[in-house]
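Here the structure comes first, spelled out in C-alpha cells, and everything after it is commentary.
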Amino acid sequence: MSLNSYGHLFRVTTWGESHGPALGCVIDGCPPGVAVDEGMIQQWLDLRKPGTSKYVTQRREPDAVEILSGVFEGMTTGTPISLMIRNADQRSKDYGDIKDKFRPGHADYAYFVKYGVRDYRGGGRSSARETAARVAAGGVARAVLADMLPELRVRGAMVQMGDRKIDRAHWDWEEVARNPFWTPDAAAAANWAEYLDGLRKTGDSVGAVIEIQASGVPAGLGAPIYGKIDTDLAAAMMSINAVKGVEIGDGFDTAALTGSANADEMRMGANGPEFLSNHAGGVLGGISTGQDIVLRFAVKPTSSILTPRATVDRFGKDTGIVTKGRHDPCVGIRAVPVGEAMMACVLLDHILLHRGQVGANRGHVG
C-alpha cells in the first residue's frame, strides 16, 4: 500500500494498524535545533485518546508516544524523527463474527476489492486509530511553529452535531475545554449530551462538522494554481478517515451571495491594508492574506454501529451484520485535535516552502 505520506518539505509518513502491535510516523524535513520532547507531544495525544468520556469509544489506550530518532538531548537534529505509539487494548475477537462480512459505510469492501486482503481487526489502516500518528506529528509541527512564529495559533471546535448547530453569538473559546464535545457554545453542549445519550442507547451514531482556525498566519504562504495552500489544507482534511467534505471560509454558502456581498473589501490601516470581512477564509488565489485561515470539514456518522444492517460477505452471499465492540457514537468528537494537527503540519510545510523560494515577502503596500 503506497501513498502513506503527505507534505513537501515537512513530510510525514504514518504507519501501523488499529489492532497491530503499534502505530506511528516518520517525520522528514524537520528543522534542527527545536526543543522537542515526549511530554510536548503527549499533551496533544492526550486530547485525542479514547476513553476520555462516556461519549467516545471506551477502548483504553494510554497513547504514550516514544521518540525513536531525530531528537538528541531534547533538540531536533534535522534527521528523520520516528515516533511510535504502542497499542495496548486491542480486542480483535470483537471482530471475529464479521471477518467475512463487509460493514456498510466502512472501507471494508473497497479495500478488499483493491488489495484482495481483508484486515477485519478494527479496519486496519482505515480505522480512526491511525489519526493518533497524525496528532503526534502535529505536536512536532506545533513546536517548530512556536519557535519560528510564536504569534501563530491553531485551534478548533465542533460547530455542529447531526442537524444541531451552535449559536455563533455564544462563541467562547474558553468553553471548548469545559465540555466533552469541543464546542464553544455551552448551551449546545447540554443539548448534544441529551441527544447523543439517546443515540447511544439505540445503538446508532451521528455525524458532525468541525471548524479549524489559524490566527497569526503571515501573508504570502502558498503558490498559484497547483501549489495553493487551500488545496493542501483541503487535501489534508479530506485524508482524515470519515471526512466527507471540506470548505474554506464561507465555502458553499458563497454560492448564495452576490459579488458585492462576498468580496472582502479593504482599507488602509496603520500597519498596511486591512480587510473589512473574511468570507475568503484567509486565502485568495491560493495564497494566505494574513487574515485568520478558517476551514470546516464534515465527518460522517460512525459506520460501526449496533443497528442491524443488510450486507454481503466475501463469498457473494446476502447476509446481515451487527458490529460489536467499542466505537464512537460521534467520531467527530475526537476529530478536533486531528484537524488541528493537520492544519499545523500544512502551515509549517508552506512556511518552509515560502522561505525556500521567496525568503521574505517581496511586495509592499504603502
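The values are calculated or read from the model by the stated rules, or taken from the named source; none is laboratory data. The structure presented is a predicted model; accordingly, all values stated were derived computationally and were not measured. Cβ: placed from backbone, ideal geometry, glycine included. Neighbour counts: every protein chain shown. Heads up: the accessible areas ignore ligands, DNA and RNA and are worked out on the full protein's heavy atoms, side chains in. Shrake-Rupley method; radii C 1.70, N 1.55, O 1.52, S 1.80 Å.
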Dimensionless Rg/Rh of segment 151-204, both radii on Cα and Rh by Kirkwood, sits at 1.04
Calc'd 3J(HN,Hα), segment 297-304, phi into Karplus 6.51 cos²θ - 1.76 cosθ + 1.60 (θ = phi - 60°), Hz, glycine/Pro = x, comes to 9, 9, 10, 6, x, 4, 7, 8
Taking protein heavy atoms only, a 1.4 Å probe, and rounding to whole percent, the accessible area of the chain owed to carbon and sulfur comes out at 54
Net charge (Lys, Arg +1; Asp, Glu -1) of residues whose beta-carbon lies under 15 Å from that of Met75, Met75 excluded, is -4
Given backbone amide H placed at 1.01 Å from N, residues whose amide H is under 5 Å from that of Glu274, ignoring those fewer than 5 places away on the same chain, are Arg267, Met268, Gly269
HN-Hα couplings for segment 214-219 via Karplus (6.51, -1.76, 1.60; θ = phi - 60°), in whole Hz with x for Gly/Pro, come out as 10, 10, x, 7, x, 6
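Counting only helical runs of four or more DSSP H residues, what would the 222 nm mean residue ellipticity of the chain come to if each run contributes -39,500 (n - 2.57) and the total is spread over all its residues?
On the way: 7 runs with 90 residues, N = 366.
It comes out at -8000 deg cm²/dmol, rounded to the nearest 500.
For the chain, count the residues as N, evaluate 2.2 N^0.38 Å, and divide the Cα radius of gyration by that value, please.
Details: Rg = 21.3 Å, N = 366, 2.2 N^0.38 = 20.7 Å.
Here the Cα radius of gyration is 1.03 times the empirical estimate.
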A student asked for the Cα radius of gyration and Dmax of segment 111-172 in angstrom ought to give 18.4, 51
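List the pairs from Lys114/Lys300; Lys101/Lys244; Lys99/Lys228 whose alpha-carbon separation is above 31 Å, in the order I gave them.
On the way: Lys114/Lys300 22 Å; Lys101/Lys244 23 Å; Lys99/Lys228 42 Å.
Over 31 Å Cα-Cα: Lys99/Lys228.
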Spelling it out for Glu61: with amide H atoms placed in the peptide plane at 1.01 Å from N, the residues 5 or more places away or on another chain with amide H under 5 Å from its amide H are none
Here, GluC sites (Glu not before Pro) of segment 111-186 satisfying both criteria (DSSP loop; at most 11 other Cβ within 10 Å) are Glu151
To the nearest 20 debye, the chain has a Cα-centred charge dipole, built from +1 on Lys and Arg Cβ and -1 on Asp and Glu Cβ, of 1300
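How many Å² of accessible area per residue for segment 291-366, probe 1.4 Å? Please report the intermediate quantities before stating the final value.
Values: 3320 Å² over 76 residues.
Per-residue accessible area for segment 291-366 comes out at 44 Å².
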With the dipole of segment 308-361 defined by +1 on each Lys or Arg Cβ and -1 on each Asp or Glu Cβ, the option from Gly356, Gly320, Ala344 whose Cα lies farthest towards the positive pole is Gly320
In the chain, helical segments from DSSP H whose Cα atoms cover 30 Å or more along their own axis and that average at least -1.0 on the Kyte-Doolittle scale are 336-357
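Taking only Cα atoms of segment 68-165, what ratio of Rg to Rh do you get with Rh as the Kirkwood inverse-distance radius?
When Rh is taken as the Kirkwood radius, the ratio is 1.10.
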Stokes-Einstein, Kirkwood over Cα pairs, segment 132-232, 4 °C, 1.567 mPa s; D in µm²/s equals 81
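Can you check what the net charge comes to around Pro184, using other residues whose Cβ is under 13 Å from the Cβ of Pro184 (Lys, Arg +1; Asp, Glu -1)?
Details: positive: Arg155, Lys165, Arg168, Arg178; negative: Asp167, Asp172, Glu174, Glu175, Asp185, Glu211.
Once all neighbours under 13 Å are counted, the net charge is -2.
If we count chymotrypsin sites (Phe, Trp or Tyr not before Pro) as exposed when they sit in a DSSP loop and have at most 12 other beta carbons within 10 Å, what is the longest stretch of the chain that avoids them all? If you can, show how the numbers build up before the last one.
Numbers: sites that count: Tyr226, Phe315.
The longest uninterrupted stretch comes out as 1-225.
How large is the dipole of segment 66-224 about the Cα centre if only Lys and Arg carry +1 and Asp and Glu carry -1, each at its Cβ, rounded to the nearest 20 debye?
Once rounded to the nearest 20, the dipole reads 660 debye.
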Over the Cα atoms of segment 142-182 the radius of gyration and the largest Cα-Cα distance (Dmax), both in Å, equal 13.7, 40
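Counting other Cβ atoms within 10 Å, keep those with at most 10, restrict to DSSP loop, and tell me which GluC sites (Glu not before Pro) in segment 260-366 are left. Walk me through the numbers before you get to the answer.
Details: sites: Glu265, Glu274, Glu340; in loops: Glu265.
Qualifying residues, ordered by number: Glu265.
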Of the residues Phe181, Pro301, Ser5, the Cα lying farthest along the dipole of the chain towards its positive end, which is defined by charges on the beta carbon of Lys, Arg, Asp and Glu, belongs to Pro301
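Two decimals is fine: what's Rg over Rh for segment 222-319, C-alpha atoms, Kirkwood radius as Rh? Could you put the intermediate results ahead of the total?
Working: Rg = 20.1 Å, Rh = 16.5 Å.
For segment 222-319, the value is 1.22.
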Inter-part gap, Cα centre of segment 198-243 to Cα centre of segment 286-344, in whole angstrom, is 12
Cα-based Rg/(2.2 N^0.38 Å) for segment 176-255, rounded to two decimals, is 1.44
